[in-house]
Structures are given as structure tokens and as C-alpha cells.
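Take a look at the structure set out below.
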Amino acid sequence: MGDRIANPKALGFSAFAIVAWMYSLANAGLSTPAAGSSTMTELTTFALFALLIVAFASFLRNETWYAVFFMFWAAFMWGLHASMGMTMTSSAFSGWYNITVAIISLFLLLAAMRVAAGPAVTLLNLGITVVFALFALGDWFGGSVWVVVAGYVGLVTALAALWAAWNEFAAMGGEAGAA
């Protein structure tokens, strides 16, 4: 059945790149959405659905690592979307949440290296791990410098996601018109 499902990974990495870029711009302090803007909510909703589609299609294609990666981030987007406008009860709690995400991302990084997912996907996972570790440090030790640095690392991570998307688009060259 897997050979009858189109390659969804370009969509997934593109959606991830857009979300990572926009959130990283805000975290780095380079640009923020206007007060009362629903842009980030809409962006998170788009990413949630795109990542869910890609996760299920990857599962049907027997691409387990990609299915887990995209499903994890779809679930993360769902939680992010649900929590918009809310605040965590404490910085320490938020720090533990962020370090947990960093650890899961580290596991995904190690698995990506094991399945030879490629340098773009490896760099993407490394960037995600570092970003969430920096968020945790910011929550635990205070200071906005951690968030700003995470924003800049996030911009590099978004570029890695675009690189991964580009690799998937390039791989589709032979698929055009295939029935």
C-alpha cells in the first residue's frame, strides 16, 4: 500500500519550516505579530493539520521515523494551539516541559542518525533539541537572553527544515506524472 501513497514529507518539512521561522522571529525579537492578531493561531492550526496529514501518510508508506516525527510535532502544535492565551503556572514547570520536549527531540535526533535520514533532517533535529534546551534554561535561570538565543537557533533550524523540504521536492522529480 505504501507505494500508492504520495510522498508527504515535503509538505511536512515546509509546514514545520514556516512555523519555526515565524516563532523564531518573535523569540529573537526581530518581529512580532500585531497586538490582537490571530496570525500565530492560524499558523499553528495550519501546521497542526499539515503535520497530521504527513504523519498518517508516512505511516501508510511504512516510514516509521517520519510518522513518529510528524505526529509528535502535530501533537505539540495541538497543545500549543490549545494553550494560546494561557500561561504556565511557574517558570520551573515550563522549564521541565521544555526539557522534556528537548529530550524527546534528542531521541528523534539519535533515531534519525540511525536510519540515515540525511544531514538536513539531522541538523533540523539538532536545532530543535538545542532550542528547547535553551527555553528550559531560560525558564529555570531567568533572563530573556536564553529566549533570544533560542530564537536565532530556531531560525537556523527553520532553514534546516527548508533544506529538508527542498531535498524532498528534488526527490519528487522522478515522481511527476507517475501513475
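The values are calculated or read from the model by the stated rules, or taken from the named source; none is laboratory data. In this text, all values refer to a predicted model and were calculated from it rather than measured experimentally. With ideal geometry, Cβ positions are generated from the backbone for all residues, glycine too; neighbour counts draw on all protein chains shown.
Which of the residues that make up segment 25-58 are closer than 16 Å to TRP73 by Cα and modelled with pLDDT of 90 or more?
PHE49, ALA50, LEU51, LEU52, ILE53, VAL54, ALA55, PHE56, ALA57, SER58, listed by residue number.
Take THR87 and decide whether it is touching a helix residue (DSSP H, G or I) at 6+ places or on another chain (Cβ under 9 Å) and modelled with pLDDT of 95 or more.
When the stated conditions are applied, THR87 does not pass them.
Wholly within segment 49-163, which helices (runs of 4 or more DSSP H) include no fewer than the required count, namely at least 1 residues that are crowded, with 18+ Cβ neighbours inside 10 Å, touching a Ser or Thr at 6+ places or on another chain (Cβ under 9 Å) and among the acidic types (Asp, Glu)? Working first, answer last.
Details: elements: 64-83, 91-114, 119-141.
Here the list reads 119-141.
Exactly one condition in (1) under 25 Å from VAL145 (Cα atoms); (2) among the small types (Gly, Ala, Ser); (3) buried (at least 21 other Cβ atoms within 10 Å of the Cβ) is false for ALA15; which is it?
Single failed check for ALA15: (1).
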